[in-house]
1. Looking at Leu148, Leu82, Leu135, Leu156 in this structure, which one is at pLDDT 95 or above, more than 23 Å from Asp39 (Cα to Cα) and not in a loop (DSSP other than H, G, I, E, B)?
2. So Ala40 fits all but one of (1) of a type in the set (A, V, I, L, M, F, W, C); (2) within 16 Å of Leu103 (Cβ to Cβ); (3) exposed (fewer than 15 other Cβ atoms within 10 Å of the Cβ); what number is the exception?
3. What pairs come out if I take residues in the stretch 1-16 that are in contact (Cβ under 8 Å) with a residue 24 or more places away in the chain and closer than 15 Å to Val122 by Cβ and pair them with residues that are β-branched (Val, Ile, Thr) and assigned to a helix (DSSP H, G or I) whose C-beta lies under 9 Å away, six or more apart or interchain?
4. Which of the residues that make up the stretch 121-132 are in contact (Cβ under 8 Å) with a residue 12 or more places away in the chain, of a type in the set (Gly, Ala, Ser) and either in contact with a Leu (Cβ under 7 Å, 6 or more places away or on another chain) or in a helix (DSSP H, G or I) (or both)?
5. Within the stretch 106-119, count every residue that is within 19 Å of Val131 (Cα to Cα) and in contact (Cβ under 8 Å) with a residue 60 or more places away in the chain.
6. Of Leu57, Leu73, which residue is aliphatic (A, V, I, L, M), loosely packed, with under 14 Cβ neighbours inside 10 Å, more than 13 Å from the chain's Cα centre (by Cα) and over 21 Å from Ala143 (Cβ atoms)?
7. Can you list residue pairs whose Cβ atoms sit under 7 Å apart, with the first residue in the stretch 62-74 being in a loop (DSSP other than H, G, I, E, B) and modelled with pLDDT of 95 or more and the second being of a type in the set (Asp, Glu) and buried (at least 17 other Cβ atoms within 10 Å of the Cβ)? Count only pairs 6 or more apart in sequence or on different chains.
8. Taking Met16 and the conditions (1) in a loop (DSSP other than H, G, I, E, B); (2) out of contact with any strand residue (DSSP E or B) (no Cβ under 6 Å at 6 or more places or on another chain); (3) buried (at least 16 other Cβ atoms within 10 Å of the Cβ), which numbered condition does it fall short on, given that it satisfies the others?
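The values are calculated or read from the model by the stated rules, or taken from the named source; none is laboratory data. Everything numeric here is computed off the predicted structure, so don't read it as measured data. Here the Cβ positions follow ideal geometry from the backbone for every residue, glycine too, while neighbour counts run over all protein chains shown.
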Amino acid sequence: MRLEDVLRAGDITTDMPLSVASDKDATLPELARLMSRNDAALDATAVYHALADRERLASTGIGSGVAVPHGRLSLDRPRMALAIYKQGVPFESLDGEPARILLALLTPVEHASDQLKLLGRVSRVLRGAAVRAQLLEAGSPQAALAVLVEEERRQLSRGLS
């Protein structure tokens with residue numbers, strides 16, 4: 001399963017203002033709203049609880065300005081949302097840096113391995129500083145999606161994913 005099979009431009013915002021979410025706890029409801037706004041099968045409250053339940057176990061701030069909040073729900077397929085907070089959000093990241101790129105992931109409860117595969121793919125795609133910089137500069141959801149898709153294709157063509 002590739003990122004372009006799960007993430008859609010309508011589930012991306014490239015200019016989330018810090019005033020909307022000033023810390024990790026305020027960010028999760030915003031991510032839940034973003035993820036569910038174009039998907040009638042998702043309830044923002046249920047999405048929030050899935051993300052928050054996982055976040056209570058340990059921070060999903062992986063460092064280098066990236067956080068990958070994730071959870072599992074009873075779904076028919078995985079879902080993703082991407083929010084760019086150019087000013088950064090304190091997210092209890094491993095390196096102490098604020099998260100600027102937040103990629104939320106929900107996977108079906110029945111398919112736990114999908115979550116691990118997608119988390120691995122996301123971490124590989126976002127590993128490169130150039131990719132992260134391009135996402136921060138993306139002027140539209142379509143441009144941000146294109147950055148991720150292109151990097152994933154590049155990695156697949158080189159046998160990296």
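1. Working: Leu148 fails: more than 23 Å from Asp39 (Cα to Cα); Leu82 fails: more than 23 Å from Asp39 (Cα to Cα); Leu156 fails: at pLDDT 95 or above.
After applying the criteria, what remains is Leu135.
2. (2)
3. Sorted first by the residue in the stretch 1-16, then by its partner, the pairs are Arg2/Val149; Leu3/Val122; Leu3/Val125; Leu3/Val149; Glu4/Val149; Leu7/Val149.
4. Across the stretch 121-132, the qualifying residues are Ser123, Ala129.
5. In the first step, residues of the stretch 106-119 are kept if they are within 19 Å of Val131 (Cα to Cα); the result is 118-119.
Next, from what is left, pick out any that are in contact (Cβ under 8 Å) with a residue 60 or more places away in the chain: 118.
Qualifying residue count for the region: 1.
6. Details: Leu73 fails: loosely packed, with under 14 Cβ neighbours inside 10 Å.
Answer to the check: Leu57.
7. Matching pairs, first to second residue: Pro69/Glu55.
8. Unmet for Met16, out of (1) in a loop (DSSP other than H, G, I, E, B); (2) out of contact with any strand residue (DSSP E or B) (no Cβ under 6 Å at 6 or more places or on another chain); (3) buried (at least 16 other Cβ atoms within 10 Å of the Cβ): (2).
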